Number of protein chains: 4
Amino acid sequence: MNEVDVETIEDVELQDPVLVEGLPGVGHVGKLAAEHLLDELDGTLVRRVYSDQFPPQVEVGDDGVAELTCAEFHAIETVGRDLLILSGDHQAQSNEGHYELTDTFLDVAEEFGVTEVYALGGVPTGELIEEYDVLGAASDEDVVERLTDAGVEFRESEPAGGIVGVSGLLLGLGGRRGHEAACLMGQTSGYLVDPKSAQAVLEILQEVLSFEVDFGSLEERADEMEEVIGKIQEMEQQQNVPSDDDLRYIG
Amino acid sequence: MNEVDVETIEDVELQDPVLVEGLPGVGHVGKLAAEHLLDELDGTLVRRVYSDQFPPQVEVGDDGVAELTCAEFHAIETVGRDLLILSGDHQAQSNEGHYELTDTFLDVAEEFGVTEVYALGGVPTGELIEEYDVLGAASDEDVVERLTDAGVEFRESEPAGGIVGVSGLLLGLGGRRGHEAACLMGQTSGYLVDPKSAQAVLEILQEVLSFEVDFGSLEERADEMEEVIGKIQEMEQQQNVPSDDDLRYIG
Amino acid sequence: MNEVDVETIEDVELQDPVLVEGLPGVGHVGKLAAEHLLDELDGTLVRRVYSDQFPPQVEVGDDGVAELTCAEFHAIETVGRDLLILSGDHQAQSNEGHYELTDTFLDVAEEFGVTEVYALGGVPTGELIEEYDVLGAASDEDVVERLTDAGVEFRESEPAGGIVGVSGLLLGLGGRRGHEAACLMGQTSGYLVDPKSAQAVLEILQEVLSFEVDFGSLEERADEMEEVIGKIQEMEQQQNVPSDDDLRYIG
Amino acid sequence: MNEVDVETIEDVELQDPVLVEGLPGVGHVGKLAAEHLLDELDGTLVRRVYSDQFPPQVEVGDDGVAELTCAEFHAIETVGRDLLILSGDHQAQSNEGHYELTDTFLDVAEEFGVTEVYALGGVPTGELIEEYDVLGAASDEDVVERLTDAGVEFRESEPAGGIVGVSGLLLGLGGRRGHEAACLMGQTSGYLVDPKSAQAVLEILQEVLSFEVDFGSLEERADEMEEVIGKIQEMEQQQNVPSDDDLRYIG
């Protein structure tokens, strides 16, 4: 295997598609959002990307068949813009790996004619959320303006530590290649997998790209999580207020 | 030295051999199994693989002569299928190293005509085992079926975190190269070196590959371990139940 | 992106300029000093250096526009020597990265005709400072003599552990390339961002390079820090002497 | 700078020289031994080896002049065999670095006609030592025999964990190149810098290579350390037996 190996599964013609990335991160917001699109819309697996920057690992399916860790691109045609969805179970495991893989992801996207990039993720607030705002960062001021119109919030010096990983680099390296790139970051406590935050991010994306997706299954998962949160809050009241450390951080 | 250096020790003609890997891992199950085959059957050292991905280390033999850390291939002719055994004292020390070494191991195996790969290892249960099941994962459904017939268990979403290291990659990269590949993972507490688990794995392998091996010496080692376990359990009852952390995890 | 990418923003002719480096380090002394020069003097951004040795990260500006992590060179013409200022938010993240980036920084500086290098930084004393001495280390004895005349102190076996990171390598690799190179290290507690130490370093640099800069804004920041220190000392007296560990080390 | 840079300082003709390595390690035994030879015998600095595998660091001399971290080769002509001494303040910082640097060290040694290699070091016993035995490991049985005659002890499965770092690799890679290579490891508590252990190692080396060196200054350093040890033992008796952890391990 080469350091990075792009496997062509199928070739599909897309009309002016946008790249939508949802790899694991804070609250698994981006991953939930991308996987929801793949569950609800009719997508075609077009590329797999293998890399020695991923963990040396196979995942075992329910049939006992193992698949080497990879990232996948699916093509989806929608009533609005066509989508190229980037999803997977892992981020790169080193700094150089993040740069190398993001460059590869952008190369693949450009093959499909992509010039517009949306990296989906979460931004941790450290407390349970009432209203799920979506924060943004973008490659240039035109994109900021366009996204502001769609309801994205741009706040001074947020997120405080910058944006790290593939999402940050799709914005940074994508911008340097001349693409219109943006991060859409759903607010999330950061403590739990957060389907509500994923829905908030997708509602913005729907608006911006004029496609339509049903949120029924995502709302069900959100209800399940609500129950978990409810139980935790009950326990907090009964016992003597456990610290935040008792909740497991999903990073 | 190059990054990876394959030293030819001897050239041997094998008839349709299978690769059997037993490098260190959980409960040292794979390593015990591979070394038992080398102890009991008449093997020939055919290749040594040196790599800067191994620890920078020599092992000193009883005669005071030091050998640079490496992995070794032995060829064994059996009444059933011929075997190419991969053993050694170390795994790679980095992600990239795991990928690079596994590619090299597959290259060497292909030189000998291998198209079928068995990676042996353990799967930790976290508690002492009564009955030693062997779990499986495979590169395709035909192999799953064949191994199920031989008594291997394939369980939904087990092992939970996937299979990591050389064993996982022999399955993942081997599968991508078109080989029939499988992991055979003996259940083991994970706390102690586990000869019983190694025997359970080898009994399956015997069945699948139609060779025969005596288990006398492995049973002796198992009896020794039983005594150790007995003493630990005695101590647990006398003292006030030490936590699992008091048992050293052999990973 | 290549492993290191030097982006030309503007070309400027400088007369026998000196390189002045102020990347993050102990007490942020070097960074504060470099940024003060950029704030007070009229500089031109001439180069950006991107590298996969920097964190995979974008910083988000107040306008919501994100910039890929990089180091920047600004050219400044002064009444004394012309300056080429190297600043940024990050050091490299690995040993090899430090070497590779420092080589690139020296290559860029040589393009502008630099033969003289000043790496600015702090040296931690572990206690609050009354008088801010500036310690030095240099590539040869002539530079030691010249800087001694300007008030820099050279003390036997200080700093004890050598000088690490880009500052150390600019001296070491710069010296090997035949440049006159020096580190100017302001004494600082190491516990807090230290504008007074930065001013002490800049006063030496002014003297050596015959330029002039106003210290008003740096003194204001120093007054703010004094207030913080005053409050900490008050707390120390009221409570029962917290250990140094209670003060956050800025490294 | 390249990844590894060998700087020629002077060219010297040596008669059938042996390489003697003393880089930092357990008890600083090897480093003390090599530096003692450089202090007592008339050596010439012949090569410096720079590498991005060393820490990104300069050491500052008493004159304020900084030197980039490197390893040095000195040539020494003795009444017995000529010596090529490899010394320095650092080991490589990664596995690959250890391999790469050791290969370079052997390349340099071969330029001078070296076919025999002695890696000096310490082996930790975990307790204060009465009699300083020197343990050995070698590339082949002839060397084992020769060193046994000189008083080196070869003990079954010692050192238990193998020999790591440059010393181990000089033996392992040196042996693979066909050199006669050996590690001479002075027993040492491992808790303190140990001049007595260094002397024990050098006495063996003297015997094997027929050179002569005065031990006066090393004995003085040993007496100083004895005083330190005496004080520690006094404290142990007065106070209630501190654990070994109170003694700083010099690794």
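Some points to look at:
- Considering only C:F54, C:G27, C:L83, the residue lying farthest towards the positive end of the dipole of the range C:1-118 is C:G27, judged by Cα position with unit charges set on Cβ.
- Working value for the range D:4-247: equivalent-ellipsoid semi-axes of 29, 22, 18 Å, each the square root of 5 times a Cα gyration tensor eigenvalue, largest first.
- DSSP bridge analysis restricted to chain A gives an antiparallel fraction near 60%, rounded to the nearest 5.
- Cβ neighbours within 10 Å from other chains - mean over C:94-102: 6
- Among the residues of C:65-77, the average count of other protein chain beta-carbon atoms within 10 Å of the residue beta-carbon is 4.
- For residues of B:43-52, the mean tally of beta carbons on other chains within 10 Å: 2
- Highest-MSF residue in chain A out of A:D149, A:D194, A:D62 [GNM, Cα springs under 10 Å]: A:D62
- With every protein chain in place, the protein assembly as shown: carbon and sulfur % of accessible area (1.4 Å): 40 percent
- Cα-Cα over 26 Å, subset of C:K196/C:K231; A:K31/C:K31; B:K31/D:K31: A:K31/C:K31; B:K31/D:K31
- Scalar couplings 3J(HN,Hα) for the range A:52-61, obtained by applying the Karplus form with A = 6.51, B = -1.76, C = 1.60 to θ = phi - 60°, are 6, 8, 7, x, x, 7, 10, 9, 9, x Hz; x denotes Gly and Pro.
- Using only the C-alpha atoms, the convex hull of the range A:126-169 corresponds to 100 Å³ per residue.
- Check: the range D:120-251 dipole with +1 on Lys, Arg Cβ and -1 on Asp, Glu Cβ, in debye: 680 debye
- Between C and D, roughly 1900 Å² of accessible area is buried in total, ligands, DNA and RNA not counted and the probe set to 1.4 Å.
- Of all chain C residues, the closest to the C-onto-A rotation axis by Cβ, with that distance in whole Å, is C:S94, 6.
- Under 12 Å, Cβ to Cβ, from D:D89 - net charge with Lys/Arg +1 and Asp/Glu -1: -3
- Point-charge dipole on Cβ atoms (K/R +1, D/E -1) for the range B:4-247, about Cα centre, debye to 20: 580 debye
- Label-point separation in nm, B:E141 to D:S94, each point 7 Å along Cα→Cβ: 4.4 nm
- Helix-only CD estimate at 222 nm, as mean residue ellipticity for chain D, using -39500 (n - 2.57) per DSSP H run (n ≥ 4): -11500 deg cm²/dmol
- The Cα atoms of the range B:7-116 define a convex hull whose projected area, averaged across directions, is 7.4 nm².
- Taking a sphere under 10 Å around the Cβ of D:G175 and counting the other residues whose Cβ falls inside, with K and R at +1 and D and E at -1, yields a net charge of -1.
- Label-point spacing for C:Q237 across the identical copies (point 7 Å from Cα in the Cβ direction), in nm and ascending order: 4.7, 4.7, 6.6.
- Copy-to-copy label separations for C:E111, where each label sits 7 Å from Cα toward Cβ, in nm and ascending: 3.3, 3.3, 4.6
- Debye, to nearest 20: dipole size of the protein assembly as shown, +1 on Lys, Arg Cβ, -1 on Asp, Glu Cβ: 260 debye
- Helix A:29-40 and the longest principal axis of the C-alpha atoms of chain A enclose an angle of approximately 60°.
- Shown here: the protein assembly as shown, whose C-alpha atoms stretch 90, 90, 57 Å along the first, second and third principal axes, sorted largest to smallest.
- Rolling a 1.4 Å probe across the protein heavy atoms gives the protein assembly as shown an accessible surface of 43 Å² per residue.
- The spacing between the range D:1-66 and the range A:55-130, judged by their C-alpha centroids, is 49 Å.
The values are calculated or read from the model by the stated rules, or taken from the named source; none is laboratory data. Keep in mind that what you see is a predicted model, and the values were worked out from it rather than measured. Heads up, the Cβs are rebuilt from the backbone with ideal geometry, glycines too, and the neighbour counts pull from every protein chain shown. Ligands, DNA and RNA are excluded from the accessible area calculation, which covers all protein heavy atoms including side chains. Shrake-Rupley method; radii C 1.70, N 1.55, O 1.52, S 1.80 Å.
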